[in-house]
Amino acid sequence: MTLWFHWLAAARLLRPACSRSRTFLWTLVVLMALSIREDVAGVSSFIRCCGLRGACYPHLLHLFHSQALPLERLMVVWTGVALRLFRPWLVRVRGRLVMVADGIKRPKEGRKMPAVKLLHQDSQSNSKAEYLMGHSCQAIALLVAGLGTCFAVPLACRIHEGLVTSNRCKRSVLDRLMELLAMLQLSEPVYLVADAYYASRKIILPLLKRGDHLVTRFRNNASGHWPAKPDVRKRRKGRPRLYGKKFMLRTLFDHLELFVQAASPAYGEKNVTIRYRAVQVLWKPVGRLVQVVAVDHPRRGRILLLCTDLDLPPLEVIRLYSRRFKIEVSFKQAVHKVGAFAYHFWMRDMERLHHGDGNQYLHRRSPTYREQVMRKLAAYERHILLGLIAQGLLQYLAVSKPVEVWQHFGSWLRTMKTDATPSEAVVASALRHSLGDFLSNLPLTHYLKKFLSNKLAPKIQAIFTDLADAA
């Protein structure tokens, strides 16, 4: 039962994001359901896991479409809450926060869902289709470490493809990611860790303007320039030469005798020796010096890393990039455990989509139709964000109250390690087993109990009444 009080104390910090008290109470109910449900069958699963009356279903749907829960304000408030809750466990390097960015594509079969388009799946996994109809999202997460493990706390995720509101709009997916990072209103400098897709001037230049840095990976066909040697001849007219000899970055591996051996700083590796070489080259897309770290791993092969911070030690660059995959682990929990992307909201007045359709253009549509589309898109993003917040609350309990979580787990795992940080599934199981005691022992004057008093199913109300009388 104490777990729920810690959960509620953390969730109460989201109150400034809601315009009305009733909206906040419904938000608490949704977060509770996302935290404990056993299936991801849409909003109807909220009714089953919390024991609500069927009449609550329209109210839950209305919350995701309500303007009383502003999306951007909720992102800012949740970012501040996450920085406050995870402050003792935040990963910092040279005084900077470490954040991870990546994209996710989720299949959607609805023929009347805005922003659904044909997407190409770049993953090398053979369990994923090469092409799918769905939503393309980008997310930003905060890197946190505790009890010998490391995980990514999701802060924001939005749909960045599928809709074209104006034919004059030239913003790319990378531009939208930088806008998403700016929406978080971070007051501290950060290291942003991402994969090779984000090694672009559209990411690097805005980050450098903000005082942040990027750690990413080069593609195998990337090239660079050595800095130009100083000209000892008489000064000529015009700008001094900046770029020297051009070369392919992969040719750095042609001179392994210049590499340095060191113990691998990658996450989870022990007794592994790697070879690396760090050089500073001019990269023409950004027009400035960047640090390139060529890594020769005995089992994983060779990789070229990019870092815009010239003073960051090469082993630290390798260590940071090795933790990039933590956001993919976070995606897995968000999809299969929390169900943050399990929304099925259709738009009745929308024209039916066909398999293979691309972007949906709105600049020739009526203002009413555009407003309906944007309202539905906001509902999708609210569902995603509330799911990520619920996942963050589970992670907070896992890192701050691991002993209580394992005590209330009430089940069995073949690889159960009670001295390590429990997963989101373990925390959800512990919350699920103690929900009845929590609701029964709440004072009658508590705001949450008064709100749920007439919304629980009759059988559930009788059970809680019996438990309260027995206590």
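The values are calculated or read from the model by the stated rules, or taken from the named source; none is laboratory data. Small disclaimer: the values here were computed from a predicted structure and weren't measured. Positions of Cβ are backbone-derived with ideal geometry, glycine not excepted, and every protein chain shown enters the neighbour counts. These area figures cover heavy atoms from the full protein model, side chains too; ligands, DNA and RNA do not enter into them. Shrake-Rupley method; radii C 1.70, N 1.55, O 1.52, S 1.80 Å.
Overview of values
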| read-out | value |
| --- | --- |
| Among 273-283, 165-175, the order from most to least packed when residues are scored by Cβ within 10 Å on average | 273-283, 165-175 |
| At R0 = 45 Å, FRET efficiency that the Cβ-Cβ distance of Ser453 and Lys229 yields, to 0.05 | 0.05 |
| Rh (Kirkwood; distinct C-alpha pairs) - the range 1-90, Å | 14.1 Å |
| Radius, Kirkwood style, for the range 327-471 when every pair of distinct Cα atoms is counted (Å) | 19.1 Å |
| For the range 83-148, the spread of Cα positions along each principal axis, largest first, Å | 46, 27, 21 |
| Point-charge dipole on Cβ atoms (K/R +1, D/E -1) for the chain, about Cα centre, debye to 20 | 2160 debye |
| Computed FRET value (nearest 0.05) for Ala55 with Leu13, which takes r as the C-beta separation and R₀ as 30 Å | 0.50 |
| Length added when fully stretched, Thr2-Leu208, from 0.36 nm per residue minus Cα-Cα | 69.7 nm |
| Under 12 Å from the Cα of Lys337 - aspartates and glutamates, other chains or at least 8 residues apart | Glu38, Asp39, Glu424 |
| The range 270-368 pair-distance distribution - Cα-Cα, 5 Å bins, rounded % | 2, 9, 13, 12, 10, 10, 9, 10, 10, 9, 6, 2, 0 |
| Enclosed volume per residue, in Å³, of the convex hull spanned by Cα atoms of the chain | 181 Å³ |
| Mean-position separation - Cα centroids, the range 101-157 and the range 32-57, in angstrom | 23 Å |
| Carbon plus sulfur fraction of accessible area for the range 182-226, probe 1.4 Å, in percent | 49 percent |
| Estimated distance in nm for a label pair at Lys237 and Asn167, the labels positioned 7 Å out from Cα along Cα-to-Cβ | 4.6 nm |
| Neighbour cut-off at most 10 other Cβ (10 Å), DSSP loop, trypsin sites (Lys or Arg not before Pro), the range 182-260 | Arg233, Lys234, Arg235, Arg236, Lys237 |
| Anchor Lys112: lysines whose Cα lies under 16 Å away (excluding residues fewer than 8 positions away in-chain) | Lys376 |
| Estimated translational D of the range 1-159 in µm²/s (Stokes, Kirkwood radius over Cα pairs; 20 °C; 1.002 mPa s) | 117 µm²/s |
| Charge dipole (the chain, unit charges on Cβ, about Cα centre) - positive-most of Phe218, Gln261, Ile47 | Phe218 |
| Paramagnetic reach from Thr418 (point 7 Å along Cα→Cβ, amide N under 16 Å) across the range 365-406 | 401-406 |
| Local net charge near Arg365, Cβ-Cβ under 12 Å (Lys/Arg +1, Asp/Glu -1) | -1 |
| Cα-projected label distance for Arg288 with Arg300, points at 7 Å along beta-carbon direction, nm | 2.7 nm |
| Rh (Kirkwood; distinct C-alpha pairs) - the range 135-231, Å | 15.8 Å |
| Rule-of-thumb Rg ratio for the range 336-417 [Cα; 2.2 N^0.38 Å; N residues] | 1.72 |
| The chain: relative contact order in percent, alpha carbon pairs under 8 Å with at least 6 residues between | 21 percent |
| Dipole magnitude (debye, nearest 20) for the range 310-388, charges at Cβ of Lys, Arg, Asp, Glu | 200 debye |
